[in-house]
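Below: one structure, written as structure tokens.
We did not get these values from a lab; they are worked out from the coordinates using the rules stated. Since the structure is predicted, the reported quantities are computational estimates derived from the model, not experimental observations. Glycine gets a Cβ as well: all are built from the backbone with ideal geometry, and neighbour counts include every protein chain shown.
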Amino acid sequence: MRLPFHCPLIEGEHLLSWFMRYHILSGRQKIKVSLASIGVARGRLKSYDFNETFLAVSEFYKENFDKNFCVTDHSPLALWAFSHGSEYFSAWKKDNQLQLRACFEPNKLAVPASWSYCPICQEEDRDNFGFSFWHSEHQIPGVILCGKHRTPLITDRKVLQVLGVATLPHAYAYQSELKYSDWMLDWNDFVLSIFSMLNSDPSVADKLKLQVDKILDLPESKSLADKKALMEHQKRFDTEVSISILQYLFKFYSQVYKHPPTVLGSTLGYKTYAKGKHPVYWLVILYWLKNEIDWVALK
Ligand SMILES: [Zn+2]
């Protein structure tokens, strides 16, 4: 459907936020009707689940609004270069038919998977553009503060899981689940800087992973024999990384698990089958080693 409105993506806007605005402007009542119009029977509009709906909206935007639009634009997707390796990731970007390997681990992650917004951006955006929108940057897993205002982001794990009935941020007046703490700023800046590097060059993910192996003196191809060394590193990791960060990211640092996974073992250790690890595992390992990483060598 052609719209009688000018409705481009705003700089920093999440692709699905744009789709929500497109839906509102189209005058259709139900989101499922808008989704059906782009060929999606039932869709879940999640902030970082690059499912069929996300890919369909990406194709729709590319075909109808911007021929140069790339699927990694306007979403936190660039961070998944860690999970899949930049070669596969780049190939996938060119060929949307290739399925993005799954690596979502909702039962282990404590980091919110719901849509988040900054209360100050929400006001500013409405003043500047006439509407508020969901920022890509606020949906990056691990991002806890607004990079611009440094305020804790607001979310609601129940209501804001999926956009649908939900609309734009200004419709909500929730309180932040978290109060500001000192650990947040350094962590947040780190996550944002890594995201920015990967966004401009996904191969940085591979280089960083190689550096982690080198720093920890691990071979590039792993075997079961590396388990002992990883357990030793894990002890150091657990005492050196702030427990607040670990509890914010992973449930197994605040809940009792029968077989609790270890961050290093499950991310860096030997695997019997190829499985992409969720990017927050890589982010926290890099944060732990940030003073030992040769950042200049990445450029
Ligand atoms: Zn803000």
## Note on the structure
Of all C-alpha pairs within region 170-299, those more than 18 angstrom apart amount in percent to 60 percent
### Query
Assuming R0 = 25 Å, what is the FRET efficiency of R28 and A171, from their Cβ-Cβ distance, to the nearest 0.05?
0.90
### Message
Is there a quick way to get the dipole size of the chain? I mean about its Cα centre, with the Cβ of Lys and Arg at +1 and of Asp and Glu at -1; what is the value in debye to the nearest 20?
### Response
1060 debye
### Query
How far apart, in nm, are two points set 7 Å out from the Cα along the Cα-to-Cβ line at D66 and at D156?
3.0 nm
### Message
Pick from K94, K46, K32 the residue whose mean-square fluctuation is largest in a GNM of the chain, springs joining Cα atoms under 10 Å.
### Response
K94
### Query
By count of other Cβ within 10 Å, fewest leading, how are R21, R236 ordered?
R236, R21
### Query
What is the order of Y248, Y253, fewest Cβ neighbours within 10 Å to most?
Y253, Y248
### Query
Say the dipole of region 164-299 comes from +1 at the beta carbon of Lys and Arg and -1 at that of Asp and Glu; which of S181, N291, I215 then lies farthest toward its positive end?
I215
#### Entry: Cubic angstrom per residue, convex hull over Cα atoms of region 29-180
140 Å³
#### Entry: Charge-dipole axis of the chain as Lys and Arg at +1 and Asp and Glu at -1 on Cβ define it, positive-most pick from L100, Y281, S132
L100
### Message
If neighbour count is taken as other Cβ atoms inside 10 Å, put V143, V212 in order from fewest to most.
### Response
V212, V143
### Query
What translational D, rounded to a whole number of µm²/s, comes out for the chain from Stokes-Einstein when the hydrodynamic radius is the Kirkwood one over Cα pairs, at 37 °C and 0.692 mPa s?
161 µm²/s
### Message
Quick check: pseudo-label points 7 Å beyond the Cα along Cα→Cβ at S193 and D49, how many nm apart are they?
### Response
3.3 nm
### Message
Can you compute the FRET efficiency between E124 and R236 using 1/(1 + (r/R0)^6), with r the Cβ-Cβ distance and R0 = 35 Å? Round to the nearest 0.05.
### Response
0.25
#### Entry: Separation in nanometres of the label points that stand 7 Å from Cα toward Cβ, at S181 and S223
4.1 nm
### Summary
Dividing the alpha-carbon radius of gyration of region 202-252 by 2.2 N^0.38 Å, where N counts its residues, gives 1.34
### Message
Can you give the local net charge around H74? Use residues other than it whose beta-carbon is closer than 13 angstrom to its beta-carbon, Lys and Arg +1, Asp and Glu -1.
### Response
-3
### Summary
Given the candidates S114, A41, I10, the one whose Cα lies deepest towards the positive end of the charge dipole of the chain, counting +1 at each Lys or Arg C-beta and -1 at each Asp or Glu C-beta, is A41
